[in-house]
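Presented below is the structure to which this report refers.
Nothing in this text is a laboratory measurement; each read-out follows from the coordinates by a stated rule. Here the structure is a predicted model, which is why all the values come from computation and not from measurement. As a convention, Cβ positions derive from the backbone with ideal geometry for all residues, glycine included, and neighbour counts pool all protein chains shown.
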Amino acid sequence: EEVKQEPKIVLVTGGTGLVGSAIHQVVNSSEKREDENWVFISSRDCNLEDLNETRALFERVKPTHVIHLAAMVGGLFHNLAHNLQFFRRNMAINDNVLAMCHEFDVKKCVSCLSTCIFPDKTTYPIDETMVHLGPPHDSNFGYSYAKRMIDTLNRGYAQEHGRRYTSVVPCNVFGPHDNYNLQAGHVLPALIHKAYVAKRDGTPLQVFGTGRPLRQFIYSLDLARLFIWVMRSYDQVDPIILSVGEEDEVSISDAVNAVVKAIGFQGEVAYDTSRADGQFKKTASNGKLRRLLPDFQFTPFETAIKESVEWFVDNYETARK
Ligand code: NDP
C-alpha cells in the first residue's frame, strides 16, 4: 500500500527581511510545490531572543523544516558601534531556534552564516573548511563569533542526536526589501539611498572610504533559489558557500558606478577617505556549490543592480530606511 507523504511545513525565521522576502517570492512562483507549506515570520510574530516565545511559535507552526534567517544584521558602521549587542542577541536567537528544532523533531534546519565572519588573516580564496581558522576582523567580532557558533551547534546536534542541521555562507546580499538606512545599512542599499538623495537634491554623492575594497555581491533572488535547493537537496552538516565566483568580485567603486548608472545620477562623486574601509577583501570560493550544482545561472550584476534601484525608487515611501 502506498504511504501518503505528509506535506512539509517550512518555517522561515526572518521571513520579512531581504533574504526572506526573496524566498517568499520564489516559492510562490517558479519554485512552487504542492507538498510544501511555507510559513514566513518576523519579529512581530515572535521574539526569537526569548525561549518561551520561540517554543510557543514551534508549538503553533509545527515545522518539519526550518530556514533560519533571523538575525541582528547591519553594515560596517553599525557593527563597529555595537559588537556586544550583535554577539548576545544573535547567540540567543541561534541557540533558541536550534534547541527548538531538536525538541520538535524538525528534520532539517538551514541556518545562515556570512562570508564576513571568516578569519581576517587568511589565504585566498576562502572556503568552507576555514570558518574557525583564526580571529575575524575586529570591526564585527561580535556578529562573527555568534555566526560561527551556529556551525558548532550543528556539529553538536549531529554528534549527540544524529541531526542533519546545516548552514550556508552567503557573500554580500542585495535586492528588493533591503535595509536602506544610511547608518545601519550595508554598502549597496546605503549607496542606492544616497545616490537617490543626491540626484533629487542636486548634491554630490559622498562615498565612505577609498572605493578600493573588493566584494562579491549576490542578488537576493539568486540566493533564494540556492537556499531552496539547499533545503531540498543538500544533506551535509558542513556549511556551503553560496556566492558568485571569484571572477565576479567587484570593487566598491565599480559598485558605485553601477548604482550611479542605474539611477541616472550625473553629479559629482566624492570619496571620503577619512572613513574606514573595513576588510580589504574576503574573496570566497564557490567551488563546492559549482561541483554540486554546475548549471546554476546567476543574474548579471548590472541587471540585478538595475532591478534593485527600480524597486527602491518605486517603493521609496515604504522602504526600510
Ligand atoms: P534583514 O535585516 O533584512 O532581516 C532580518 C530578519 O530577521 C527580519 O525578518 C527581522 O524581523 C528578523 N529578526 C531580527 N531580529 C529578530 C528577533 N529577535 N526575533 C525574530 N525575528 C527577528 O536581514 P537579511 O535578510 O539581510 O539577512 C538574513 C540572514 O542572512 C541573516 O542571518 C544574515 O546574517 C545573513 N546574511 C546577510 C547578508 C547580507 O548582505 N544582507 C550577507 C550574509 C549573510 P523584523 O522584520 O520584524 O525586524
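Some values worked out for this structure:
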quantity: Verdict on Pro119 being closer than 26 Å to Leu292 by Cβ, surrounded by fewer than 19 Cβ atoms within 10 Å (Cβ to Cβ) and either more than 19 Å from the chain's Cα centre (by Cα) or touching a residue at least 12 places away in the same chain (Cβ under 8 Å) (or both); calculated: yes
quantity: Checklist (1) assigned to a helix (DSSP H, G or I); (2) away from the ligand (no atom under 12 Å from the Cβ); (3) surrounded by 21 or more Cβ atoms within 10 Å (Cβ to Cβ) applied to Asn140, failing item; calculated: (2)
quantity: Options Asp105, Asp95; residue that is surrounded by fewer than 22 Cβ atoms within 10 Å (Cβ to Cβ), under 17 Å from Gly14 (Cβ atoms) and more than 18 Å from the chain's Cα centre (by Cα); calculated: Asp95
quantity: Search result, residues across segment 13-61 that are in contact with a Gly (Cβ under 8 Å, 6 or more places away or on another chain), among the small types (Gly, Ala, Ser) and surrounded by fewer than 19 Cβ atoms within 10 Å (Cβ to Cβ); calculated: Ser42
quantity: Candidates Gln183, Gln206 - the one that is polar (S, T, N, Q), surrounded by fewer than 19 Cβ atoms within 10 Å (Cβ to Cβ), under 20 Å from Ser251 (Cβ atoms) and away from the ligand (no atom under 11 Å from the Cβ); calculated: Gln206
quantity: Identity of the residue in segment 150-172, in a helix (DSSP H, G or I) and surrounded by fewer than 19 Cβ atoms within 10 Å (Cβ to Cβ), that ends up nearest to the ligand (Cβ to nearest atom); calculated: Thr152
quantity: Hits in segment 146-174 - residues which are within 14 Å of the chain's Cα centre (by Cα) and small (Gly, Ala, Ser); calculated: Ser167
quantity: Wholly enclosed strands (runs of 3 or more DSSP E) of segment 199-287 bearing at least 1 residues in contact with a helix residue (DSSP H, G or I) (Cβ under 6 Å, 6 or more places away or on another chain), touching a residue at least 60 places away in the same chain (Cβ under 8 Å) and farther than 22 Å from Glu302 by Cα; calculated: 240-242
quantity: Number of the condition not met by Gln266 [criteria: (1) over 20 Å from the mean Cα position of the chain (by Cα); (2) within 19 Å of Pro170 (Cβ to Cβ)]; calculated: (2)
